[in-house]
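Notes follow once the structure below has been shown.
The values are calculated or read from the model by the stated rules, or taken from the named source; none is laboratory data. None of the values given here were measured: they were computed from a predicted structure. As a convention, Cβ positions derive from the backbone with ideal geometry for all residues, glycine included, and neighbour counts pool all protein chains shown.
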Amino acid sequence: MPHIPLDEKLPGITGILNFRTDTALPIRELTQTLLRGPSTLTEGERELIATVVSHGNECKFCTAAHTAAADILLGEKETAEKVKHDPDHAPVSPKMKTLLAIARAVQVSGKNVTIQMVDNAKAAGATDLEIHDTVLIAALFSLYNRLVDGFASVTPAEPAFYERLAVILKDKGYLPSENRYAGLKG
Amino acid sequence: MAHIQLLNDQLPGIVGLLDYRKETGQPLSALAEILLRGESTLTSGEREMIASYVSYKNDCHFCHSSHGAAAAAHLNKDANFIDDIKLGFVKTQVSPKLRTLLNIAAHVQQGGKKVTEADIAAARSEGATDREIHDTVLIAAAFCMYNRYVDGLGTWAPPNNEAYMPMGEKLAKQGYMSF
């Protein structure tokens with residue numbers, strides 16, 4: 001049972017963000033800009049960054065949700081699976097490999113990002129803005145993962161739930177909207 | 001030097017990053033403003049103590065010192081207060097309720113799963129409300145984000161406590177939207 005009373009119809013992060021919509025708003029705005037705003041990284045690539053950080057934090061809800069979002073945006077399931085379990089052989093660009101390495105370091109601690117990791121990313125063609133956004137996405141999911149698990153929110157077991165949530169994340173993004181979660185019910 | 005070329009590399013810590021990308025800086029500042037200075041049954045001094053304590057545990061010198069200085073400004077303490085945060089507030093009077101909330105925050109810093117039923121029960125027995133527990137977890141989680149952002153991009157930070165006192169005064173009096 002969650003540590004504070006949350007809407008039973010809204011599992012994982014969704015009920016937590018609804019507990020206080022005024023504090024949730026800047027978090028949602030930040031997420032929308034980072035994951036859906038104009039960028040030289042695709043939406044799918046940015047969802048992969050969210051996925052590896054959530055996986056590193058062993059946050060089941062966020063890992064399943066962002067894996068499903070990456071899958072639907074990339075149109076296949078292999079990439080998200082491999083970046084979590086076999087990153088050396090993941091079918092992503094050399095640049096993405098270096099950015100995902102930075103994200104994994106940030107998940108543990110900001111101090112774990114080395115000059116070598118940054119140099120590798122730049123050598124693979126990453127821009128300063130891409131490195132900035134990678135670090136901030138990884139930091140943001142260090143926040144989300146702690147909210148989801150810190151409140152012991154409900155983690156649905158059925159994969160179909162995350163596929164429904166991924167459709168919402170793809171079609172509506174991260175900002176608040178009317179009847180946002182109408183499509184969550186199975 | 002930071003890992004990326006900032007627009008103004010004279011600006012320390014998160015200040016240079018907020019300036020680098022305004023689209024992300026605006027919501028980051030707005031979140032700090034509502035969490036640390038918005039309406040709450042916890043004082044701003046108490047909330048800045050939680051922020052600084054988590055930042056110290058993440059070994060983020062800039063955030064530990066700047067939010068320690070903000071707490072000092074709210075609580076009329078001198079620069080030595082920033083060192084007392086490292087010791088877990090041995091010289092500072094801390095209410096039993098705030099002690100239980102600092103304990104929750106320390107567990108959030110380690111990982112969300114480290115927060116136990118017993119941690120929450122201890123806070124409730126000292127009178128903490130759902131909203132206070134929510135805000136404590138969110139402040140702690142938010143600083144796990146800010147700390148990683150500041151150190152993950154290799155920003156610079158003034159070494160001495162005294163250097164942070166004017167910044168703490170500004171954060172306490174004018175808030176987070178003035179940066």
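Things worth noting here:
- If you go through the range A:75-105 and keep only what is away from chain B (no Cβ under 14 Å), under 17 Å from the mean Cα position of the chain (by Cα) and basic (Lys, Arg), you end up with A:LYS77, A:LYS82, A:LYS84, A:LYS97.
- Which listed residue is in contact with a His (Cβ under 9 Å, 6 or more places away or on another chain), of a type outside the set (A, V, I, L, M) and over 17 Å from A:SER177 (Cα atoms), from A:GLU47, A:GLU8, A:GLU58: A:GLU47
- Being crowded, with 16+ Cβ neighbours inside 10 Å, of a type outside the set (Val, Ile, Thr) and modelled with pLDDT under 95 is a description that applies to B:PHE89.
- If the condition is being assigned to a loop (DSSP other than H, G, I, E, B) and either among the polar types (S, T, N, Q) or touching a Cys at 6+ places or on another chain (Cβ under 8 Å) (or both), then the range B:1-51 contributes B:GLN5, B:ASN8, B:GLN10, B:SER40, B:THR41, B:THR43.
- Applying the set (1) crowded, with 24+ Cβ neighbours inside 10 Å; (2) touching a residue at least 24 places away in the same chain (Cβ under 8 Å); (3) more than 10 Å from chain A (Cβ to nearest Cβ) to B:CYS144 leaves exactly one unmet item: (3).
- Look at the range A:141-152: where a residue is among the small types (Gly, Ala, Ser) and a partner is surrounded by 24 or more Cβ atoms within 10 Å (Cβ to Cβ), sitting 6+ places away or on another chain with Cβ atoms under 6 Å, you get A:SER142/B:CYS144; A:SER142/B:MET145; A:SER142/B:ARG148; A:GLY150/B:VAL108; A:GLY150/B:GLY112; A:GLY150/B:VAL115; A:GLY150/B:VAL137.
- Residues within the range B:72-121 that are acidic (Asp, Glu), more than 13 Å from chain A (Cβ to nearest Cβ) and out of contact with any Ser or Thr (no Cβ under 7 Å at 6 or more places or on another chain), tallied: 2
- Members of the range A:109-128 found to be within 9 Å of chain B (Cβ to nearest Cβ) and over 14 Å from B:ILE4 (Cβ atoms), listed by number: A:SER109, A:LYS111, A:ASN112
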